[in-house]
Amino acid sequence: MKKAVVLLSGGLDSATTLYLAKSQGYQCFCLIFDYKQRHNKEVGCAKKIAKQTNCNSRLLKINLPWLGSSLLDKNLAIPQSTNLKNRIHAIPSTYVPARNIIFLSFALSYAESIGAESIFIGAHAQDYSGYPDCRPEFYQAFKKMALCGTKRGVIKKPIEIKTPLIYKNKAQIIKLGARLRVPFELTWSCYQGAKKPCQECDSCHFRAKGFKEVGLKDALISGVE
């Protein structure tokens, strides 16, 4: 069976990506990162999702001591969705410097060491995100780097970097996840780590908007129209 490393954060997008990879016949090896983020609720969700799918998982703990993001530094405020229109073209404070470059580098090393043919990441380039490392051109550049910087690339058996959600919006991702029977109730999107989603941050806003557009209820939130 073909192998794939799946970057699994515990969020809705990465969970859908895992279920999609499994539906395509891959034996999936989940890579979960604890990078001293604001809360570890997503890490717990990722572990549950990996267990639910009977996938091998590895938790990798790394430290980014220079901070530089409101997801790392609790002294910085999390952006609220009410201010979204005023900063639609700005890179939000939740951007973690070079995060996907770091994660993909670890995934590439892991994939090469276990003989995996592919790496799956649930990034998507919806306009609101503003993250430089979620754009299609970034992944094209990373693929070129992997081609010339790994043994697999040199021997003409490159590891594919797959971004199946890259051109989808949140509603389309939720629709796909529903078709794949992703357990959305096990996922976590909120930038805060409380018992319930805050319903005020950008991530909560777009999750709620996506469920509403698809016409489904989010099991994490009761009474949301």
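The values are calculated or read from the model by the stated rules, or taken from the named source; none is laboratory data. In this text, all values refer to a predicted model and were calculated from it rather than measured experimentally. FYI the Cβ positions are ideal-geometry reconstructions off the backbone, even for glycines, and counts take in every protein chain you see. The area values use the complete protein model at the heavy-atom level, side chains included, leaving out ligands, DNA and RNA. Shrake-Rupley method; radii C 1.70, N 1.55, O 1.52, S 1.80 Å.
Report Rg(Cα)/(2.2 N^0.38 Å) for segment 86-219, keeping two decimals.
Segment 86-219 yields a ratio of 1.19.
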For the pairs LYS47/LYS209; LYS22/LYS175; LYS2/LYS51; LYS22/LYS168; LYS170/LYS217; LYS3/LYS47, note any where the Cα-Cα span goes beyond 23 Å. LYS47/LYS209
For ALA90 and GLU137 in the same chain, what is the full-extension length gain: residue separation times 0.36 nm, less their Cα-Cα distance, in nm? 15.1 nm
Given LEU12, LEU67, LEU180, which one lies farthest toward the positive end of the charge dipole of the chain, if we put +1 on the Cβ of every Lys and Arg and -1 on the Cβ of every Asp and Glu? LEU180
Calculate what fraction, in whole %, of the accessible area of the chain sits on carbon and sulfur atoms when a 1.4 Å probe is rolled over the protein chains. 52
Relative contact order for segment 100-225, counting Cα pairs under 8 Å that sit 6 or more residues apart, in percent: 22
At 0.36 nm per residue, and after removing the present C-alpha to C-alpha distance, how many nm does the segment from ALA77 to ALA219 gain when stretched out fully? 48.4 nm
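Before I look further, what does the chain give for accessible area per residue, probe 1.4 Å, in whole square angstrom?
That works out to 52 Å² for each residue.
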Dipole of the chain, Cα-centred, from +1 at each Lys and Arg C-beta and -1 at each Asp and Glu C-beta, to the nearest 20 debye? 520
Work out how much length GLN172 to CYS198 would gain on full extension: take 0.36 nm times their residue separation and subtract the Cα-Cα distance, in nm to one decimal. 7.1 nm
Of all DSSP beta bridges located in the chain, what percent are antiparallel, nearest 5? 5
Taking the 0 to 90 degree range and rounding to the nearest ten, how far is the long axis of helix 12-23 tilted relative to the main principal axis of the chain, both from C-alpha atoms? 40
I want to make sure I understand the PRE zone here: with the label point 7 angstrom from the Cα of LEU60 toward its beta carbon, which residues in segment 1-22 have backbone N atoms less than 16 Å away? 4-10
Give the residue from GLY193, PHE33, LEU76 lying farthest towards the positive end of the charge dipole for the chain; charges sit on Cβ (+1 for Lys and Arg, -1 for Asp and Glu) and the dipole is referred to the Cα centre. PHE33
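Can you give me the relative contact order of the chain as a percent, contacts being Cα pairs under 8 Å and 6 or more apart?
Reported relative contact order: 24 percent.
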